[in-house]
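> This is the structure I have questions about; it appears just below.
The values are calculated or read from the model by the stated rules, or taken from the named source; none is laboratory data. Note that the structure is predicted; figures quoted are calculated from it, not measured. In this analysis, Cβ positions are derived from the backbone assuming ideal geometry, glycine residues included, and neighbour counts consider all displayed protein chains. All accessible areas refer to the heavy atoms of the entire protein, side chains included, with ligands and DNA or RNA removed. Shrake-Rupley method; radii C 1.70, N 1.55, O 1.52, S 1.80 Å.
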Amino acid sequence: MAAKASLFFSPSECFLTTRLCKLFPTTQKPCFPSPSSSSITLINVLNADAVYTKLPPRLRNARQEQERDAISLLNERIRREHAKRDHSPLRPSMDSEEADKYIQLVKEQQQRGLQKLKSDRARQGAPHDAAQPTFSYKVDPYTLRSGDYVVHRKVGIGRFVGIKFDVPKDSKEPIEYVFIEYADGMAKLPVKQASRLLYRYNLPNETKRPRTLSKLSDTSAWERRRMKGKVAVQKMVVDLMELYLHRLKQKRPPYPKTPAMAEFASQFPFEPTPDQKQAFSDVERDLTESKNPMDRLICGDVGFGKTEVALRAIFCVVSAGKQAMVLAPTIVLAKQHFDVISERFSRYPNIRVGLLSRFQTKSEKEEYLSMIKDGRVDIIVGTHSLLGNRVEYNNLGLLVVDEEQRFGVKQKERIASFKTSVDVLTLSATPIPRTLYLALTGFRDASLISTPPPERVPIRTHLSAYSKDKVISAIKHELDRGGRVFYVLPRIKGLEDVMEFLELAFPHVEIAIAHGKQYSKQLEETMERFARGDIRILICTNIVESGLDIQDANTIIIQDVQQFGLAQLYQLRGRVGRTDKEAHAHLFYPDKSLLSDHALERLAALEECCELGQGFQLAERDMAIRGFGNIFGEQQTGDVGNVGIDLFFEMLFESLSKVDEHRVISVPYPAMELDININPHLPSEYINHLENPMQIINSAEKAAEKDIFNLMQFTENLRRQYGKEPYSMEILLKKLYVRRMAADLGISSIYASGKMVGMKTNMSKKVFKLITDSATSDIHQNSLIFEDGQIKAELLLELPKEQLLNWIFQCLAELYSSLPTLIKY
């Protein structure tokens, strides 16, 4: 009898249960369970661990899978999405009014970017559609070739067959039609209509083929693919927007504009080109007039004077008592930057320049790290080691990044983390697509140096099948005019074979090998001897891709050219042609029959762009040809494959131009009302099991009030300490989750009336559509409608209260997964 009596609530337990009801308010009064129902529930809860420990391992694993309940799955999904998106330090909070101001700033800048892009396209002869509010990537049907893959915005992916005249049903006059082959038949559409609805597919991978052609008879599959691409675009834009908003929120005092800056500029030995002057002015304005940290891209072709822009920025920052970091992708380039900076700052003994590299001994590195920390070095030059945790800066003010596209993902994330706190200047001749498109759309400031110095002569590019005679002839031509030669291979394997061949062909010429796996001192010595002219032919890997400035090296030979990316080839070619002598780039492939269409297209583009100053245009073309890569992260490549690159970018521009429309404004957690008559009661044994039940319940409410992550942390800690909670406690937790998610989604009230569930919200109809389009579950997607500022759902039948709460929890969890597509201020 005593055992049975323990299943009832004591007076103190009754008080606690009543208190719990107040903490989780509903309109229903507390109702205590009958002894029989309580007995069943409690026996199950009390015996759970005993039963579990007796299970064999196979069944125990099955039991563990079952215990991955709805709350655990939601926590995992939120953490996964958060980890995927948030690589930067915690971003400061921002109120709605402040966000309004910054969003307007971004909108204005972004519109200027779009306008600039349109005018550029107009100058290039691209058709302008006055009715089109955003930039269009639609294709001119007359430029298509038979076999090209195209995307029809409403039907999907097909193969272009050709254009020919045909007579419409309601006319006798023939008109031109575009014929497109789909998976289940042929479609034809008038040329005028095709020019409004067709895009190139142009999937940037080796095969350049879509997985399947779309079906004329079933456009729903294409609609799903298109929507997936649209959601991916929206997530990218929101990530971008939030990062930009927080950069605008960061403040630092403008740097003083001093006479010393003008004196430093006057030491530049050349007459700046008009583009250079504009870049100098842009950077100076960013540093001395703006209160926000600079994040500017300097895009200039090889030898066009990007380094001078960086030097003036460094002088401005260092003169004000701050440190500057210069980051290069290779030690060869870092050493060259160090030499140039040291020479330029040699007149300023108070400004100390340091180089951190793997060439140094351990004691030398430790000494440099100590000097950086103490502020005894003003300008620090190096490779990615400068981004390591061991490097502590005394007062870092400026980060200069040369050729950002050559750094790895982790280094790029670290670079991105600097952008909210210090001024950043990025130098590039072929910017990664991400950089290029941010620059074009106004989300990032860019200065373009596209005019060459007056004395520069275009590089002559020769693309042909490899033959030893051609190689010998090219090298002999350069040596006879007193120059030096780069001979580049894609891999270390093969360098020795080329060395043997060249030593036989040129027995009296000094030849050397250079690659990144050599001992540091050996590599450094080889590069210095080549720069001095002691070595006439340097056989190397693409370690020389960036930055090396050797005046007399005017011929470069690149073997197995099909194994290089277009941006790499452009950079390698830029190693020559630094003077008024005509330079030659010989690109050799083994046999055309061995090359993929992708490689041939890449090489043809390079040959077309042999004129100076084409790096910026080449980067845009390169993106469509060689792979999507790091535009906004590797995972987005598949989304481009879903819809084709041109439609993907039209979606991107469209999303950028409407960025302020995709915004959700949360409501305060205490103001969120959950009007569902459910009031579960905790078993007395579970209450006795908790160390301080009242404190735990209060902590749960406080965690939910802070944010979703605090609530997740509370739930996980509770389960770690006390094990999986009984069902009644799970219901209480779900009520907290429902209120928290609803508040974040801008839902102020949830109620039920018969079979109808209603949610009052401040979100717009456009935001609701974006959220439901992003939802992964068709069940909730199809059951929700938006009407008069409310989200409504008509259920098939009236559910019991606990099942209703579970349905609302699952529905909100689905909507919550769409938050990454929205700006949350």
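> For the range 790-816, what are the residues that are open to solvent by 30 Å² or more (accessible area, probe 1.4 Å) and either in a loop (DSSP other than H, G, I, E, B) or under 30 Å from LEU243 (Cβ atoms) (or both)?
Across the range 790-816, the qualifying residues are LEU796, LEU797, GLU798, LEU799, PRO800.
The rows are residues; the columns are (1) over 30 Å from ASP773 (Cβ atoms); (2) assigned to a helix (DSSP H, G or I); (3) open to solvent by less than 60 Å² (accessible area, probe 1.4 Å).
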| position | (1), (2), (3) |
| --- | --- |
| ILE157 | no, no, yes |
| LYS169 | yes, no, no |
| VAL178 | no, no, yes |
| SER195 | no, yes, yes |
| ARG225 | no, yes, yes |
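> Same structure again: Can you report the number of residues in the range 300-351 which are among the hydrophobic types (A, V, I, L, M, F, W, C), part of a helix (DSSP H, G or I) and out of contact with any Pro (no Cβ under 9 Å at 6 or more places or on another chain)?
Of the residues in that region, 15 qualify.
> Every residue in the range 392-421 that is in a loop (DSSP other than H, G, I, E, B) and either at pLDDT 90 or above or in contact with a Lys or Arg (Cβ under 8 Å, 6 or more places away or on another chain) (or both), please.
GLU392, TYR393, ASN394, ASN395, LYS419, THR420
> With the requirement that a residue be open to solvent by less than 50 Å² (accessible area, probe 1.4 Å) and either in a loop (DSSP other than H, G, I, E, B) or at pLDDT 95 or above (or both), what does the range 453-473 give you?
Correct list: PRO453, ARG456, VAL457, ILE459, SER467, VAL471.
> Looking only at residues in the range 733-771 that are among the basic types (Lys, Arg) and farther than 22 Å from ARG663 by Cβ, which one is surrounded by the fewest Cβ atoms within 10 Å (Cβ to Cβ)?
LYS755
> Do you know which of the residues in the range 330-357 that are touching a residue at least 40 places away in the same chain (Cβ under 8 Å) and farther than 21 Å from GLU525 by Cβ is most open to solvent (accessible area, probe 1.4 Å)?
Among those that are touching a residue at least 40 places away in the same chain (Cβ under 8 Å) and farther than 21 Å from GLU525 by Cβ, it is ARG347.
> Residues LEU243, LEU297: which one is open to solvent by less than 50 Å² (accessible area, probe 1.4 Å), in contact with a strand residue (DSSP E or B) (Cβ under 6 Å, 6 or more places away or on another chain) and aliphatic (A, V, I, L, M)?
Residue meeting the stated conditions: LEU297.
> Let me confirm something: among VAL381, VAL317, which residue is within 30 Å of the chain's Cα centre (by Cα), within 25 Å of PRO254 (Cβ to Cβ) and at pLDDT 90 or above?
Among VAL381, VAL317, only VAL317 is within 30 Å of the chain's Cα centre (by Cα), within 25 Å of PRO254 (Cβ to Cβ) and at pLDDT 90 or above.
> Now a separate question. Cβ-Cβ distance below 9 Å, separation of 6 or more or different chains: which pairs start in the range 681-706 with a residue that is in contact (Cβ under 8 Å) with a residue 40 or more places away in the chain and over 14 Å from LYS735 (Cβ atoms) and end on one that is surrounded by 13 or more Cβ atoms within 10 Å (Cβ to Cβ) and acidic (Asp, Glu)?
SER684/GLU13; TYR686/GLU725; ILE687/GLU13
> Then there is this: Determine which single condition GLU716 fails, assuming it passes every other condition in (1) under 30 Å from GLY754 (Cβ atoms); (2) charged (D, E, K, R); (3) under 36 Å from the mean Cα position of the chain (by Cα).
(1)
> So, one more: If I ask for residues that are without any contact (Cβ under 8 Å) to a residue 40 or more places away in the chain and charged (D, E, K, R), which ones from the range 776-825 would you list?
ASP778, GLU787, ASP788, LYS792, GLU794, GLU814
Let's see how each residue does on (1) buried (at least 16 other Cβ atoms within 10 Å of the Cβ); (2) closer than 20 Å to ALA742 by Cβ:
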| residue | (1), (2) |
| --- | --- |
| HIS681 | yes, no |
| ILE687 | yes, no |
| GLU691 | no, no |
| ALA703 | yes, yes |
| LEU711 | yes, yes |
| PHE714 | yes, yes |
| ARG720 | no, no |
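To keep it simple, each residue is scored yes or no on (1) among the hydroxyl-bearing types (Ser, Thr, Tyr); (2) farther than 24 Å from ASP423 by Cα; (3) in contact with a Leu (Cβ under 8 Å, 6 or more places away or on another chain).
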{"residue": "MET325", "(1), (2), (3)": "no, no, yes"}
{"residue": "ALA328", "(1), (2), (3)": "no, no, no"}
{"residue": "LEU333", "(1), (2), (3)": "no, no, yes"}
{"residue": "GLN336", "(1), (2), (3)": "no, no, yes"}
{"residue": "ARG347", "(1), (2), (3)": "no, yes, no"}
{"residue": "ILE351", "(1), (2), (3)": "no, no, no"}
{"residue": "GLY354", "(1), (2), (3)": "no, no, no"}
{"residue": "GLU364", "(1), (2), (3)": "no, yes, no"}
{"residue": "GLU367", "(1), (2), (3)": "no, yes, no"}
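> Quick check on this structure: which one of ARG532, ARG484 is open to solvent by less than 30 Å² (accessible area, probe 1.4 Å) and more than 39 Å from the chain's Cα centre (by Cα)?
After applying the criteria, what remains is ARG484.
Every residue, every condition in (1) without any contact (Cβ under 8 Å) to a residue 24 or more places away in the chain; (2) closer than 16 Å to THR426 by Cβ; (3) in a loop (DSSP other than H, G, I, E, B), yes or no:
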residue: ALA262; (1), (2), (3): yes, no, no
residue: ALA265; (1), (2), (3): no, no, no
residue: PRO269; (1), (2), (3): yes, no, yes
residue: ALA279; (1), (2), (3): no, yes, no
residue: ILE298; (1), (2), (3): no, yes, no
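> Among the residues of the range 649-673, which ones are outside any loop (DSSP other than H, G, I, E, B), crowded, with 20+ Cβ neighbours inside 10 Å and of a type in the set (A, V, I, L, M, F, W, C)?
PHE649, MET651, LEU652, PHE653, LEU656, VAL659
> For LEU819, state whether it is more than 29 Å from ARG225 (Cα to Cα) and of a type in the set (A, V, I, L, M, F, W, C).
Against the criterion (more than 29 Å from ARG225 (Cα to Cα) and of a type in the set (A, V, I, L, M, F, W, C)), LEU819 does not qualify.
> May I pose another question? Looking at the range 358-382, which of its residues are closer than 16 Å to MET325 by Cβ and open to solvent by less than 30 Å² (accessible area, probe 1.4 Å)?
Those that are closer than 16 Å to MET325 by Cβ and open to solvent by less than 30 Å² (accessible area, probe 1.4 Å): LEU369, ILE372, GLY375, VAL377, ASP378, ILE379, ILE380, VAL381, GLY382.
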